[in-house]
Amino acid sequence: MKARLLAVALLAALALAGAVVYGLNHLDEAAPTQSAAATSPAMVERGAYLARAGNCMGCHTQRGGAPYAGGRALPTPFGDVFAPNLTPDPATGLGQWTSNDFWAALHNGRSKDGRLLTPAFPYTNYALVTREDADALFAYLQSLPAVAQANRAHELRFPYNTQPAMAVWRALYFRPAVFKPDAGRSAEWNRGAYLTQGLGHCNACHAPRNSLGATPAATDFSGGMLAPLAWYAPSLHDPAEAGVADWPAQDLRQWLKTGSSASSSALGPMGEVILGSTQFLNEADLAAMATYLQSLPQHAAAKSTQRRPEPALRELGKALYADHCARCHGEQGEGVKAAYPALAGSRSVQMQNPANLLRIIQRGGFAPATAGNPRPYGMPPFAGILSDTEQAALASFVRNAWGNQAADVRPLDVLQLKTQRVN
């Protein structure tokens, strides 16, 4: 009874807070105006390109389902969010929406009926999208075949499943603001910033989140753990993680286009982004994104206390490497050019957070099969072959062999990563 009364009191407090901050949520919301531009084939084509830039289909298509018909579960620390139907079906999709309604969703995070959208839909980034691009994107979505597929209700825990909670979150962490070019930068840099901060929503993964799931700013790319996926999105500011300031510009453009470069392959969630999004960008936009990403300020992340080395664990890992890995990655971790990545000197191997290395050991490593790299080499999974202790041993060995230097991985680290929810 006490627990129920407490829940009711909390809900009432949230409702009151929501009412108080309702006005705050509207302070920066200009009344939307209907676009004067008539829909044309060129506008639809532009919208299709922008949908690729935002990787919209990646979230709004469930495996084996119709494109953009929704239904895919997006796991969050607060429960599952299910992507809605974006096709023009009048009953279950956007068939009854106007371009104003769509603009309100992107720019203000509001549905057609005024309901506040969960920030798992990254309107904190999409707010930066221009009205012209929003209209083109809407025109493309309206051109799709209508699919009658009812939207699935989110499965968020209380109180995160309430509108007052959404209102409080928005008051704390969100203000709509269209992207404003930096007059001191080139047009190419500004285009790259617009794509990266806005439609590309790169920092939705590459930024830390606080206890309520908010990121610091659209310009923060200091890395973050994708806890429900058990992957780590490395810092783009840290040259020891994923900073690309010193990459040859052509290598970075190739990596974004194909998922592979002379020194790196895209795996895990980033592989999905390249597969569904950046491989389709034109050369000018790839160059713009590369220019922006290479301009990000570089600074090393704070290092945690170094663990005491475990010589026995490394010795076990050395034997496991010889049995399972050396034939592809080389006895000295040198790899094979254009086939198997080198482990000696690898940033991914030596990152302070070993999550990605462990995920690759467990689930294998598969670069995206892009038009520019249609048959990438892959690595089989070892989760069914190696125990937690053996996975930790193998990771510890490669993190400290051939000149590599990183903290050992403990069996408990493997167990903790495995117990995180994985989709």
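Data overview
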{"read-out": "Yes/no for Leu357 being among the hydrophobic types (A, V, I, L, M, F, W, C), touching a helix residue (DSSP H, G or I) at 6+ places or on another chain (Cβ under 7 Å) and open to solvent by 10 Å² or more (accessible area, probe 1.4 Å)", "value": "yes"}
{"read-out": "Of the criteria (1) in contact with a Gly (Cβ under 9 Å, 6 or more places away or on another chain); (2) of a type in the set (A, V, I, L, M); (3) open to solvent by 70 Å² or more (accessible area, probe 1.4 Å), which one Leu412 fails", "value": "(1)"}
{"read-out": "Lone qualifier among Leu212, Leu137, Leu106, Leu172 - being surrounded by fewer than 17 Cβ atoms within 10 Å (Cβ to Cβ) and assigned to a helix (DSSP H, G or I)", "value": "Leu172"}
{"read-out": "Filter pass, His324 being at pLDDT 95 or above, over 30 Å from Ser222 (Cα atoms) and either open to solvent by 60 Å² or more (accessible area, probe 1.4 Å) or of a type outside the set (Lys, Arg) (or both)", "value": "yes"}
{"read-out": "Qualifying positions in region 63-86 - free of Cβ contacts under 8 Å to residues at least 60 places away in the same chain and within 17 Å of the chain's Cα centre (by Cα)", "value": "Arg72, Leu74, Ala83"}
{"read-out": "Matching entry among Gly95, Gly54, Gly65 (being modelled with pLDDT of 50 or more and touching an Asp or Glu at 6+ places or on another chain (Cβ under 7 Å))", "value": "Gly95"}
{"read-out": "Filter result (surrounded by fewer than 21 Cβ atoms within 10 Å (Cβ to Cβ) and charged (D, E, K, R)) within region 390-409", "value": "Glu390"}
{"read-out": "Only listed residue being out of contact with any strand residue (DSSP E or B) (no Cβ under 8 Å at 6 or more places or on another chain) and surrounded by 15 or more Cβ atoms within 10 Å (Cβ to Cβ), chosen from Ala301, Ala312", "value": "Ala301"}
{"read-out": "Residue match in region 374-381 (condition: within 26 Å of the chain's Cα centre (by Cα), open to solvent by less than 20 Å² (accessible area, probe 1.4 Å) and at pLDDT below 95)", "value": "no"}
{"read-out": "Residues within region 221-230 that are out of contact with any strand residue (DSSP E or B) (no Cβ under 8 Å at 6 or more places or on another chain) and crowded, with 18+ Cβ neighbours inside 10 Å, tallied", "value": "3"}
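The values are calculated or read from the model by the stated rules, or taken from the named source; none is laboratory data. Values in this document were obtained by computation on a predicted structure and should not be read as measured data. We place every Cβ from the backbone using ideal geometry, glycine too, and count neighbours over all the protein chains shown. These area figures cover heavy atoms from the full protein model, side chains too; ligands, DNA and RNA do not enter into them. Shrake-Rupley method; radii C 1.70, N 1.55, O 1.52, S 1.80 Å.
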